[in-house]
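*Asks:* Before anything else, here's the structure in question.
Nothing in this text is a laboratory measurement; each read-out follows from the coordinates by a stated rule. As the structure is a computational prediction, the values presented were derived from the model and not from experiment. Here the Cβ is made from the backbone with ideal geometry for all residues, glycine too, and neighbour counts use every protein chain on show.
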Amino acid sequence: GHAFDISLHGFPHGMIKSTRRYWTKDISDRIHQLKDVRFINPDFDVRTTFDRADFTRILIEQFKVPAETVEGFFAHLRAMNYYDDDKRTTRQLFDEFFPGRPDIQRLLLEPIAYANGSTLDDPAITFGIVFSNFMSKGVFIFQGGTDLLIQLMTAELKANGVDVRRNVLVEKVVTERDAAGGR
């Protein structure tokens, strides 16, 4: 089966294709790009389109990081994959590229912490892949709110014969092959 996180955070662009494939066109059509994201906290006040080009600009212009460092950081993230035996934490990754810069650590990690709960002490790969996905085409949200998303998903599940229940103990999940040989 497929797990689908319906938390209140944004999605990477790939979620549009996933919702169209595994859910409905109506759901995927309600996912829209946020073109103006603002981060306000004691360390900085930043407006961004939340993509690589804009984060590159912000890191260079507002945070005064050399362009070579920023480009090296993004290139490193894009090259990361789950099969590497990389034991570094996110903190160690940040210290490699932005030593002594807790403001940059906050800029980079805070939105991902909301998305997947990552911390500085988690494996760097958990940050790297999620952040790279967001940076490729920006951040997207479901228009209409979580309640509507759950209603649409529930309706689709029921239309496909799924028995939807809440607050029950699940002892066993039974799947059967359909006539086409799928599940």
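*Asks:* Can you give me the distance in nm between label points at Tyr114 and Val37, each placed 7 Å from the Cα along the Cα-to-Cβ direction?
*Replies:* Result: 0.8 nm between the two label points.
*Asks:* Could you calculate the contour length gain from Ile150 to Phe63, that is, 0.36 nm times the residue separation minus the distance between their Cα atoms, to one decimal place in nm?
*Replies:* 27.4 nm
*Asks:* Can you list the residues, at least 5 places off or on another chain, whose amide H is less than 5 Å from the amide H of Gly138, using H built in the peptide plane?
*Replies:* Sorted by chain and number, the residues that satisfy this are Arg52.
*Asks:* Using only the Cα atoms of region 57-126, what are the Rg and Dmax in Å?
*Replies:* Here Rg and the maximum Cα pair distance are 12.0, 35 Å.
*Asks:* Could you work out [θ]222 nm for the chain from helices alone, using -39500 (n - 2.57) per DSSP H run of at least four and dividing by all its residues? Round to the nearest 500 deg cm²/dmol.
*Replies:* -15000 deg cm²/dmol
*Asks:* Pick out, from Met135, Ile27, Val65, the residue whose Cα sits farthest towards the positive end of the charge dipole of region 14-142, with +1 on the Cβ of Lys and Arg and -1 on the Cβ of Asp and Glu.
*Replies:* Farthest towards the positive pole: Ile27.
*Asks:* Starting from the amide H of Met80, placed 1.01 Å from N in the peptide plane, find each other amide H under 5 Å away whose residue is 5 or more places distant or on another chain.
*Replies:* none
*Asks:* Then there is this: How fast does the chain diffuse by Stokes-Einstein, in µm²/s, taking the Kirkwood radius from C-alpha pairs at 20 °C and 1.002 mPa s?
*Replies:* Using the Kirkwood radius from Cα pairs, D works out to 115 µm²/s.
*Asks:* Report the charge-dipole magnitude of region 14-142 in Debye, nearest 20, computed about the Cα centre from +1 at each Lys and Arg Cβ and -1 at each Asp and Glu Cβ.
*Replies:* Taking the Cα centre of region 14-142 as origin, the dipole is about 580 debye.
*Asks:* Excluding residues on the same chain fewer than 8 positions from Lys17, give the aspartates and glutamates whose Cα lies under 14 Å from its Cα.
*Replies:* Asp26, Asp29
*Asks:* How much length would be gained if the chain were fully extended between Arg177 and Asp163, taking 0.36 nm per residue of separation minus their Cα-Cα distance, in nm to one decimal?
*Replies:* 3.4 nm is the gain from fully extending Arg177 to Asp163.
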